[in-house]
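Shown next, in structure tokens, is the structure this report addresses.
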Amino acid sequence: MMFLKGKFQLQQLPAHYLQAAINGVIPQENGILQSDYGGETIPGPAFDPSHPAPAPAPSSSSAFRPVMPSRQIVERQPRMLDFRVEYRDRNVDVVLEDSCTVGEIKQILENELQIPVSKMLLKGWKTGDVEDSTVLKSLHLPKNNSLYVLTPDLPPPSSSSHAGALQESLNQNFMLIITHREVQREYNLNFSGSSTIQEVKRNVYDLTSIPVRHQLWEGWPTSATDDSMCLAESGLSYPCHRLTVGRRSSPVQTREQSEEQSTDVHMVSDSDGDDFEDASEFGVDDGEVFGMASSALRKSPMMPENAENEGDALLQFTAEFSSRYGDCHPVFFIGSLEAAFQEAFYVKARDRKLLAIYLHHDESVLTNVFCSQMLCAESIVSYLSQNFITWAWDLTKDANRARFLTMCNRHFGSVVAQTIRTQKTDQFPLFLIIMGKRSSNEVLNVIQGNTTVDELMMRLMAAMEIFTAQQQEDIKDEDEREARENVKREQDEAYRLSLEADRAKREAHEREMAEQFRLEQIRKEQEEEREAIRLSLEQALPPEPKEENAEPVSKLRIRTPSGEFLERRFLASNKLQIVFDFVASKGFPWDEFKLLSTFPRRDVTQLDPNKSLLEVKLFPQETLFLEAKE
């Protein structure tokens with residue numbers, strides 16, 4: 001079965017032309033003629049579609065384009081692949097069928113180079129690193145291929161200075177300053193020395209939308225003859241090298257025209273062109289063929305559509321971002337936009353940060369390069385982590401886009417929301433720099449995806465300068481406000497302590513007055529009681545006898561503690577208790593005072609109160625004195 005291009009018809013060609021065409025197709029894959037990097041032709045009869053064989057009828061012109069042969073023919077005649085493998089100062093040629101695996105190449109190299117397979121890294125594949133079990137046929141390789149071996153675990157020999165320099169170059173980063181000729185725009189891209197020329201061209205496709213097969217280059221060194229060659233061995237100037245890229249004037253160019261344009265070290269990207277020149281005829285889109293590096297990463301969305309929880313959506317975004325672009329990326333804040341505001345703005349002035357909002361869009365051609373080259377650059381990641389709270393959102397889905405515009409309108413106003421709404425897809429991704437102010441949130445800068453690492457860093461630093469100036473004012477105001485609040489708190493505390501002291505004094509005085517009043521009441525009650533007792537005793541005393549009395553009379557003179565004297569006459573027959581009652585009636589109860597005699601000194605209160613004065617020898621007269629009991 002054969003496919004015809006355009007409106008060309010298959011004419012009745014001589015048998016030897018058909019045989020030559022079939023023989024030229026059989027060693028190839030996908031029915032497309034491919035040339036090796038050295039410019040040699042494929043063995044066997046070749047059929048050049050640019051010089052078709054003459055048809056027997058001059059009235060019609062025909063062209064035959066070799067296409068995929070039948071499955072039965074390919075199976076009967078396996079395709080042979082040639083590999084030139086470079087290791088330090090040695091080159092090893094390996095020829096294998098495309099049904100073999102990468103591991104079989106390593107086994108052959110182990111015998112030739114005396115290097116264990118476990119210590120060997122085989123580099124230079126167009127598709128990046130491959131597994132040992134990968135079948136060569138699945139890699140869609142041209143007939144001739146150039147690979148190189150790395151042995152990072154083995155020390156380089158002292159005599160192999162060239163291999164040591166190559167190994168060092170593989171670990172270096174090259175800055176490629178690429179000028180897009182049609183739009184006169186420069187891109188500064190960083191690539192490791194182990195990256196291939198093909199990877200550079202695919203990244204440039206993401207930036208310029210020029211498919212790899214249509215890219216026309218200037219500035220590549222003459223040694224850069226193969227797109228599978230790594231940058232370390234291509235002869236680029238270190239650390240910077242300038243290149244220019246433009247679009248070829250015609251989608252299809254012959255090799256002779258390409259070589260004419262590349263006489264002044266021009267390099268036409270024809271490796272992918274040979275492989276996929278007719279891809280559009282078989283329903284293959286350019287973005288699928290030449291954007292493999294980015295499309296292969298976009299198997300799952302960055303963020304679920306109509307996500308109810310912003311925190312869960314950001315978790316998926318972070319995980320997908322890491323799987324696409326690696327773990328070296330900004331630390332995205334997990335939570336709602338309001339929570340990010342709280343974290344960045346509503347803290348002490350010294351702890352505030354700028355808020356960076358990254359707006360992702362998978363359909364933009366700038367997204368892959370911006371994320372991998374700019375957003376994941378170590379300098380950018382470090383600067384963002386120190387000075388910014390970074391929040392992200394994916395605008396690829398319409399529902400998520402509408403949700404963010406609603407949030408934007410609520411927090412930043414309709415002007416900012418309208419600005420983002422009018423952005424075209426190819427202007428994404430966007431980087432919004434937000435600074436919190438007292439009354440509102442201000443958008444300091446909107447950075448589009450078509451920028452460079454240096455420009456992005458400069459704009460971040462410029463925003464940081466504005467923020468720092470504002471932050472210093474806020475810190476000063478906050479310090480002054482805290483000082484005023486501290487003074488007020490101290491005054492309030494002093495006033496509170498003063499009130500408490502006054503209240504304590506007042507309460508102590510009230511307690512003292514209450515106690516005095518209580519004691520006074522007790523004293524009064526006691527006095528009243530004593531007075532009542534005194535009066536009752538005074539009334540109970542027998543009358544004082546006269547000096548001239550028929551009965552013997554005893555005259556007692558009693559000295560009080562104050563020096564006064566109490567004098568009274570008693571009958572000699574009166575009991576001693578009557579004397580005690582007399583003394584008590586004068587305010588000196590015998591339970592509190594003792595009555596003493598002088599000669600001899602004795603305590604009269606200790607005598608029997610029922611005895612008479614005569615019996616206790618207080619007759620005819622006696623001087624006594626009162627003394628308070630201890």
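What to note about this one:
- Count of residues meeting criterion [over 22 Å from Glu199 (Cβ atoms) and in contact with a Gly (Cβ under 7 Å, 6 or more places away or on another chain)] in the stretch 98-153: 1
- Among residues of the stretch 352-386 being surrounded by fewer than 18 Cβ atoms within 10 Å (Cβ to Cβ) and acidic (Asp, Glu), the one that is nearest to Thr452 (Cα to Cα) is Glu378.
- Which numbered condition Phe404 misses (of (1) more than 27 Å from Asp312 (Cβ to Cβ); (2) touching a strand residue (DSSP E or B) at 6+ places or on another chain (Cβ under 9 Å)): (1)
- Any hit, the stretch 615-628, residues being crowded, with 17+ Cβ neighbours inside 10 Å and out of contact with any strand residue (DSSP E or B) (no Cβ under 7 Å at 6 or more places or on another chain): yes
- Of everything listed in (1) assigned by the TED database to the domain that holds Gly219; (2) at pLDDT below 85, the single unmet condition for Gly124 is (1).
- Count of the stretch 152-183 residues which are at pLDDT 85 or above and assigned to a loop (DSSP other than H, G, I, E, B): 3
- Asp89 vs. criteria touching a helix residue (DSSP H, G or I) at 6+ places or on another chain (Cβ under 8 Å), at pLDDT below 85, under 23 Å from Met229 (Cα atoms) and not assigned by the TED database to the domain that holds Asp227: yes
- Annotation for the stretch 255-276: no member residue is in a loop (DSSP other than H, G, I, E, B), over 30 Å from Glu168 (Cβ atoms), at pLDDT 50 or above and not assigned by the TED database to the domain that holds Tyr325.
- Residue tally, condition in a loop (DSSP other than H, G, I, E, B) and loosely packed, with under 13 Cβ neighbours inside 10 Å, over the stretch 306-320: 3
- Scanning the stretch 357-367 for any residue that is closer than 22 Å to Gln471 by Cα, among the small types (Gly, Ala, Ser) and not in a helix (DSSP H, G or I) turns up nothing.
- Matching residues, the stretch 400-421, being among the charged types (D, E, K, R), open to solvent by less than 50 Å² (accessible area, probe 1.4 Å) and either closer than 18 Å to Leu444 by Cα or not in a helix (DSSP H, G or I) (or both): none
- Residue in the stretch 341-351 that is more than 22 Å from Gly449 (Cα to Cα), over 13 Å from the mean Cα position of the chain (by Cα) and open to solvent by less than 10 Å² (accessible area, probe 1.4 Å) present: yes
- The residues listed here are Ser323, Ser336; of these, the one that is of a type in the set (Ser, Thr, Tyr), buried (at least 16 other Cβ atoms within 10 Å of the Cβ), over 26 Å from Thr468 (Cβ atoms) and touching a residue at least 24 places away in the same chain (Cβ under 8 Å) is Ser336.
The values are calculated or read from the model by the stated rules, or taken from the named source; none is laboratory data. The shown structure was predicted, so the numbers you read here are calculated from the model rather than taken from an experiment. In this analysis, Cβ positions are derived from the backbone assuming ideal geometry, glycine residues included, and neighbour counts consider all displayed protein chains. Note: accessible area is taken over every heavy atom of the protein model, side chains too, but ligands, DNA and RNA are not part of it. Shrake-Rupley method; radii C 1.70, N 1.55, O 1.52, S 1.80 Å.
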